[in-house]
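The values are calculated or read from the model by the stated rules, or taken from the named source; none is laboratory data. Predicted, not measured: the structure shown is a model, and the values here were computed from it. Cβ placement follows ideal geometry from the backbone for every residue including glycine, while neighbour counts extend to all protein chains displayed.
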Amino acid sequence: MNQYNNNKKWIVYVSTFPPRECGIATFTQDLMNSFDELYEPREEAKVIAMNPDETSQYVYDQETVIYQIPRDNEQHYESAAAYVNSLEKVVLVHVQHEFGIFGGLYGRHIIVFLRTVKKPIAVTFHTVLSNPSDDLREVVEAINIHVQKIIVMTESSKNILTAEYRIAPDRIVVIPHGIHPSAFSSGGKVRKELRFSKNIVISTFGLVSKGKGIEYGIEAMAMVVKKNPTAVYLIIGATHPMVLKQEGEKYRNSLIQLVHTYKLEKHVFFYDAYFELPDLLRFLSATDIYMSLSQDPQQTVSGTLSYALGTGRAVISTSFPQAQEDVTEDVGILVGFKSAQEVVTALQRLVDDKPLRLNMGKSAYFKTRSRTWRNSILRHMNEYIQLVPSLGKDEKNLPKVRIAHIIAMTDSFGMIQFADLLAPDMSSGYTIDDNARALVALVKYYQLLKKKRALPLIQTYLNFIEYVQKDTGGFHNYVDIQKTIHHDQHVRENLESASTKGMYALAVSAATIEIPLMLREKALLLFKKNIYILQTVTSPRSIAYAIKSLCLWNSVQPSPENIQTIIRLADMLVEHFEKNNTADWHWFEDILAYSNGILPEALVDAYRCTDNERYLVIAQQTLNFLVDNSFEGTVCVPIGQKGWMKRGEKKYLHDQQPEEVAALVSCLKAMHGATHDERYAQRMRNAFDWFLGNNVLHRVIYDQDTGGCYDGLGEYEVNLNQGAESTVMYLLARLEFERVTL
């Protein structure tokens with residue numbers, strides 16, 4: 001055994017593990033990858049790998065697999081437990097339970113391991129069997145005695161455990177099978193690559209074995225192709241290794257013979273390989289209709305069904321327990337067991353009705369977003385923390401800085417306002433709000449990373465601000481896709497806010513010496529031409545942006561006049577505060593509305609420019625009030641934009657948006673810099689973690705795969721559109737944790 005001497009916390013999974021070909025192995029690897037992505041290296045996931053026998057060996061990653069147990073060797077279960085006990089860094093053990101992977105009657109050898117381990121233990125039951133025999137019930141009840149937490153993937157599994165195994169319901173938590181965070185796609189591009197662009201693609205994937213019901217799919221195809229000759233059925237996956245060992249390719253050969261019998265050689269295709277994840281997701285993307293035809297009424301859960309729903313495919317499934325819960329009429333069709341005719345009827349309905357299957361696929365996609373692996377590990381971690389509270393004390397890893405989605409949302413004219421999921425919604429047009437924020441973000445990004453791909457974007461956003469400049473000074477805001485400025489959407493406050501955001505972006509650009517001189521000079525020219533508008537602002541947020549703009553401008557061209565204007569504007573904010581401040585309400589207005597952090601942050605900037613302690617005192621007082629109303633413990637609960645928080649009334653929780661969180665992060669960063677009070681640094685990190693699941697729904701808001709950010713957090717779900725404002729505000733918040741010197 002390898003020796004491990006570093007001081008870390010380990011969670012050890014007992015499971016099959018790749019390269020062993022097994023659904024439980026893949027599940028565990030996916031769960032662990034998400035764990036390590038969020039928590040490594042402070043906390044790491046390790047594996048005790050289950051092998052099928054003494055002689056079968058796999059080339060495991062030795063840094064990940066710390067012990068191996070041959071299935072039927074009872075002594076090794078006890079030795080593995082003793083080894084776990086000897087490792088101080090192991091704080092929790094999580095058993096991925098499937099009866100067949102453990103030795104003894106109904107896998108009872110695992111009980112030897114459980115009763116010997118002296119660490120907290122969780123178990124996930126991947127299969128829960130109803131109508132248990134006495135021997136089966138005895139094994140499950142013994143497992144229950146030795147573990148502290150039971151996880152299942154369906155409500156029906158929980159109900160069976162409570163009703164038929166006498167397990168207390170408060171010991172059981174339901175966490176659905178995880179899915180991969182693939183982007184929604186109709187699949188046309190992949191179908192073309194696979195040479196099925198003119199076909200309706202039906203598929204089944206997974207390890208092939210008797211009981212998967214593939215023969216019923218083939219029989220159904222014999223009827224469907226008579227009416228729909230473009231339909232094809234893809235059977236994707238190798239024969240299950242245990243089946244191959246026991247009976248060879250008997251089942252697969254019977255399926256091939258069935259294809260010949262029905263003369264379906266041009267309609268049914270076998271892909272006999274154990275595909276890696278990217279290839280599986282590619283096949284699923286090409287699929288129009290997915291068939292999950294397990295003939296086992298007791299099959300608790302199907303990873304393949306989960307993946308199909310998660311990629312937004314319409315589904316036909318037999319009514320095993322997970323399917324009964326997940327395959328509702330808006331995402332697919334349930335069929336009976338051993339009934340090719342029911343499969344025919346369902347298949348014909350979906351083949352004939354393209355809008356129906358597309359709508360089902362989209363519904364499936366939206367309904368499963370809470371199940372992505374990152375969301376799944378967050379839910380697992382919440383359960384782990386109940387058993388080992390020290391696991392909750394470390395911060396999550398910061399995601400890598402990415403601008404891929406910002407690039408996707410930007411054309412040659414500017415940044416497009418809204419998105420339909422990932423795709424830019426061209427009809428939404430452009431605003432100076434979004435392009436100004438994007439300019440600030442990309443200037444900071446370039447200052448930090450010196451990535452040249454940021455420079456064309458900076459140029460584009462500067463050009464946009466120049467385009468919307470009024471002849472009389474100031475800026476327009478809304479521009480449609482034909483580049484026509486919409487004057488009727490402008491009102492004074494909106495224009496004031498938009499104009500000051502534009503001026504702030506120009507000030508940031510002018511003050512950042514790292515960007516090319518040509519870009520700085522353009523920003524300088526535009527700023528000087530419009531500086532007068534900073535003298536006339538009246539609304540609190542516009543005043544705040546004006547202060548921040550002038551503080552930066554003063555670093556470029558210092559003058560007593562700049563300082564005098566900063567003082568006048570800061571005094572205006574102080575006047576707003578004094579007008580509204582009471583014993584229980586320490587704020588600038590009688591409402592906590594949007595982008596609240598910008599107000600105290602502006603006073604911090606004013607303090608830095610003028611050394612007026614009064615500004616810092618009020619900034620602290622108001623920021624502390626904002627923090628008190630933006631957190632529940634360490635969980636960030638920002639002001640909801642559907643109603644905000646009015647003085648004397650309850651705070652609205654719904655429609656929490658990235659803009660509010662990013663403004664809070666930025667303000668906390670500024671206050672920490674001014675006071676060196678570490679409490680602000682900790683709150684800053686707590687606030688940022690809202691994007692990573694530190695929120696009331698425990699849902700990830702930032703999409704690490706695209707570099708985009710979801711548009712908000714509703715009462716029950718996440719708004720899955722990745723628009724300009726949310727994506728840029730996330731990037732601004734993320735950059736606050738880097739060495740940016742603005």
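Scanning the stretch 610-623 for residues that are in contact (Cβ under 8 Å) with a residue 12 or more places away in the chain and out of contact with any Pro (no Cβ under 9 Å at 6 or more places or on another chain) yields 610, 612, 614, 615, 616. Any chance the stretch 441-450 includes a residue that's under 14 Å from residue 409 (Cβ atoms) and within 27 Å of the chain's Cα centre (by Cα)? Yes. Within the stretch 3-31, the set of residues being closer than 19 Å to residue 274 by Cβ, modelled with pLDDT of 90 or more and not polar (S, T, N, Q) comprises 17, 18, 19, 20, 24, 25, 27, 30.
The residues on offer are 132, 169, 120, and the sole one that is in contact with a strand residue (DSSP E or B) (Cβ under 8 Å, 6 or more places away or on another chain) and surrounded by fewer than 21 Cβ atoms within 10 Å (Cβ to Cβ) is 120.
Taking the stretch 650-661 as the range and being at pLDDT 95 or above and of a type in the set (Ser, Thr, Tyr) as the test, no residue passes. For first residues located in the stretch 537-555 and in the same structural domain as residue 608 (by TED's automatic domain parsing), partners that are among the basic types (Lys, Arg) and surrounded by 22 or more Cβ atoms within 10 Å (Cβ to Cβ) and lie 6+ apart or on another chain with Cβ distances below 7 Å form the pairs 545/501.
Restricting attention to the stretch 698-708, does a residue exist that is surrounded by fewer than 24 Cβ atoms within 10 Å (Cβ to Cβ) and either within 30 Å of residue 608 (Cβ to Cβ) or among the aliphatic types (A, V, I, L, M) (or both)? No, that holds for no residue. Considering the conditions (1) surrounded by fewer than 19 Cβ atoms within 10 Å (Cβ to Cβ); (2) at positive phi; (3) not charged (D, E, K, R), residue 595 is excluded by exactly one of them, (1). For the stretch 285-301, the criterion of a residue being closer than 30 Å to residue 30 by Cα, modelled with pLDDT under 90, touching an Asp or Glu at 6+ places or on another chain (Cβ under 6 Å) and surrounded by fewer than 21 Cβ atoms within 10 Å (Cβ to Cβ) is satisfied by no position. Scanning the stretch 331-348 for residues that are without any contact (Cβ under 8 Å) to a residue 24 or more places away in the chain and under 18 Å from residue 312 (Cα atoms) yields 333, 334.
Of the listed requirements (1) in a loop (DSSP other than H, G, I, E, B); (2) touching a residue at least 12 places away in the same chain (Cβ under 8 Å); (3) on the phi < 0 side of the Ramachandran plot; (4) not hydroxyl-bearing (Ser, Thr, Tyr), residue 471 misses just one: (2). As for the stretch 642-649, it holds no residue that is at pLDDT below 95 and closer than 25 Å to residue 371 by Cβ. Just the residues that are in contact with a helix residue (DSSP H, G or I) (Cβ under 7 Å, 6 or more places away or on another chain) and either at pLDDT below 85 or surrounded by fewer than 18 Cβ atoms within 10 Å (Cβ to Cβ) (or both), please, taken from the stretch 195-205. Result: 197, single match. Inspection of the stretch 613-632 finds no residue satisfying the criterion of being closer than 29 Å to residue 371 by Cβ and assigned to a helix (DSSP H, G or I). Helices (runs of 4 or more DSSP H) fully within the stretch 264-374 that include at least 2 residues being under 27 Å from the mean Cα position of the chain (by Cα) and closer than 22 Å to residue 218 by Cβ: 277-286, 303-310. Touching a Ser or Thr at 6+ places or on another chain (Cβ under 8 Å) and at negative phi: does that describe residue 639? Yes.
Has the stretch 482-504 got at least one residue that is among the aliphatic types (A, V, I, L, M), out of contact with any Lys or Arg (no Cβ under 7 Å at 6 or more places or on another chain) and at pLDDT 95 or above? Looking through the stretch 482-504, at least one residue is among the aliphatic types (A, V, I, L, M), out of contact with any Lys or Arg (no Cβ under 7 Å at 6 or more places or on another chain) and at pLDDT 95 or above. When the stretch 526-544 is filtered for residues that are over 21 Å from residue 589 (Cα atoms) and either surrounded by 24 or more Cβ atoms within 10 Å (Cβ to Cβ) or in contact with an Asp or Glu (Cβ under 7 Å, 6 or more places away or on another chain) (or both), the ones remaining, listed by number, are 526, 527. In the stretch 450-466, the residues that are of a type in the set (Gly, Ala, Ser) and loosely packed, with under 13 Cβ neighbours inside 10 Å never reach a residue that is in a loop (DSSP other than H, G, I, E, B) and modelled with pLDDT of 95 or more with C-beta atoms less than 6 angstrom apart, at least six apart or across chains.
Where helices (runs of 4 or more DSSP H) sit wholly within the stretch 640-740, those with at least 1 residues that are in contact (Cβ under 8 Å) with a residue 60 or more places away in the chain and more than 20 Å from residue 627 (Cβ to Cβ) occupy 724-735.
Checking the conditions here, which among 64, 28, 55 is surrounded by fewer than 18 Cβ atoms within 10 Å (Cβ to Cβ) and under 26 Å from the mean Cα position of the chain (by Cα)?
Working: 28 fails: surrounded by fewer than 18 Cβ atoms within 10 Å (Cβ to Cβ); 55 fails: under 26 Å from the mean Cα position of the chain (by Cα).
Going through 64, 28, 55 in turn, just one is surrounded by fewer than 18 Cβ atoms within 10 Å (Cβ to Cβ) and under 26 Å from the mean Cα position of the chain (by Cα): 64.
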